Amino acid sequence: MYSNPLAVVREYVQNAADSIDAACDRGLLLPGEEHIDINIDGIHRSISVTDNGAGVPQKDVGALLRCLGCSPKERLKQRGFRGIGRLGGLGYCDQVVFETRADKSEPLSILIWDGKKLQELISQNGKGLSAEEAIEKAVSVEATKPRVGDPHRFFRVTMRSVHRFHRDELMNPKSVAGSLGKVGPVDFCDEQFEFAKMVRNHVSDVPGYRTYNISLNGEKIARPHTNKVPLHGQDIDEIKGVETFGIRGPEGREMGRGWYAVTKFQAALPPQVSMRGLRVRQGNIEIGNEYFLADLFSERRFAAWHIGEIYLDYSVKANARRDGFEQSSEYEMFLEQMHCLCRHLSGLCRVSSKLRSKEKSIENALDRLEELISMQLILDKDELAQFCDQTQARLMELERTFGKSVNVHHLEKRLESIKSRIDGGLRGKPAIVELIDGRCIHIDPKELIQEIAKSIVNIYDGSMSKDRLLFEVFGRYMRKKALGKLKSD
């Protein structure tokens, strides 16, 4: 049922969260006492998910855990309700083992789905086995004495002999923790994300929202959100604030809330930035991925420019794979509102792109102006006049640009420095003939021209600045004092 094996772990965590909610509703657990422990054993190639929720009473174990499509859960109050997700692990291991007890007076109930045997039975079409008969042969259940350390009330699912699948992500603690940090019902880290409390307060009233203490091999899992946003290369953006909003359903009833981060909206965030995307959640578990709403943006690529979340109540019904929702009037109203939001976010991207383009143009103009006024050698008075006119024209153009409503205030200091250098006197730049030391020129004019021509041919490489070229050619004829001053400038 799941194309991504990590979705199976999400499914087991989802079931654990529902079991914990049931225990809390019955007063068996207090807030903060709940925990979901995931253990990956690479040596034996197993992965288990254990919770201290309500558990399953011994009398219900066989009927509930052996049944297909059977679930006692309430659709509008709990995340899972179809009764099929718990078997998703069969596609990725040899056996799925369920262990549970609902009270300290009960024995330990163990139910094993033998995926290997089930595959063999299904492939033997000639025997004409019914689904019920195949399950009867492939599933075993027993009650045994609790082991030392088994809690009075718990539920554990274990995938035994996990298959090697593509990148073997189920056996990679980093991959599993990273996935659950994005999709699982875990909390933000306040030390890393300063807007955690604000977001938490905003979405806490959405039905089904709750966070759980989830750990993997003893390490607590948290959401990946941080204040700093890594971009491509060495660039880093920063979350400067968050904008919050509500989502209305039929008759104006609130059916969800959301938020998005305020950044510079500079570019698409790299794939390794786990918090990227406007992500949809229900019961605080992600539906789909960061591209779930991508088609609602003016350009699909803008979906990866943003950071944000949308929390929905259970009036919108998730599909079996939890990668989307079933069609309904509530879902249509949700999409209409998301279309408006995504258009607004697309506009922020476009405005930011135009501002960066304008800023780059100004930076290039400042570079050209600085290069122009740093020129030290002038051929004659005509070039000096042309040089002064050109400098003033570029300066006036830059000042007009700065006068407009463009967010380039950080470049103003650089502009003021250039103006100061210009005000210090452009017309004082010496013409090259004023720097020549007549005592150095003691050869025939024809020979002098020939010598200069040879120097130009030998020195010029196509990338040399005008100043450098003139220094190399005429430096030997200049007065030592003037030459030293020019080089120091």
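The values are calculated or read from the model by the stated rules, or taken from the named source; none is laboratory data. The shown structure was predicted, so the numbers you read here are calculated from the model rather than taken from an experiment. Neighbour counts are summed over all protein chains in view; Cβ atoms, including those assigned to glycine, are modelled from backbone coordinates with ideal geometry.
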Next on the checklist: Please go through segment 315-334 and give me each residue that is in contact with a strand residue (DSSP E or B) (Cβ under 9 Å, 6 or more places away or on another chain), assigned to a helix (DSSP H, G or I) and touching a residue at least 24 places away in the same chain (Cβ under 8 Å), ordered by number.
Outcome noted: Glu330, Met333, Phe334
Next on the checklist: If Tyr260 satisfies all but one of (1) of a type in the set (Ser, Thr, Tyr); (2) crowded, with 18+ Cβ neighbours inside 10 Å; (3) not assigned by TED's automatic domain parsing to the domain that holds Asn227, what's the number of the condition it fails?
Outcome noted: (3)
Checklist outcome for this item: In segment 21-73, anything among the acidic types (Asp, Glu) and surrounded by 18 or more Cβ atoms within 10 Å (Cβ to Cβ) is listed as Asp21, Glu34, Asp37, Asp51
Checklist entry - Mind checking which residues of segment 154-180 are assigned to a loop (DSSP other than H, G, I, E, B) and within 20 Å of Gly218 (Cα to Cα)? => result Asn172
Checklist entry - Do you know which residues across segment 288-333 are under 15 Å from the mean Cα position of the chain (by Cα) and either of a type outside the set (A, V, I, L, M) or not assigned by TED's automatic domain parsing to the domain that holds Thr226 (or both)? => result Gly288, Asn289, Glu290, Tyr291, Phe292, Arg301, Phe302, Trp305, His306, Gly308, Glu309
Checklist outcome for this item: Over segment 104-121, the set of residues crowded, with 16+ Cβ neighbours inside 10 Å, in contact (Cβ under 8 Å) with a residue 24 or more places away in the chain and not hydrophobic (A, V, I, L, M, F, W, C) is Glu106, Ser109, Asp114, Gly115
Item to check | Residues located in segment 386-424, provided they are of a type in the set (A, V, I, L, M) and either modelled with pLDDT under 65 or within 21 Å of Phe474 (Cβ to Cβ) (or both) | outcome: Val406, Val408
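The rows are residues; the columns are (1) farther than 25 Å from Ile285 by Cα; (2) at pLDDT 95 or above; (3) of a type in the set (Ser, Thr, Tyr).
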position: Ser105; (1), (2), (3): yes, no, yes
position: Leu108; (1), (2), (3): yes, yes, no
position: Leu121; (1), (2), (3): yes, no, no
position: Asp150; (1), (2), (3): yes, no, no
position: Arg167; (1), (2), (3): no, no, no
position: Ser179; (1), (2), (3): no, yes, yes
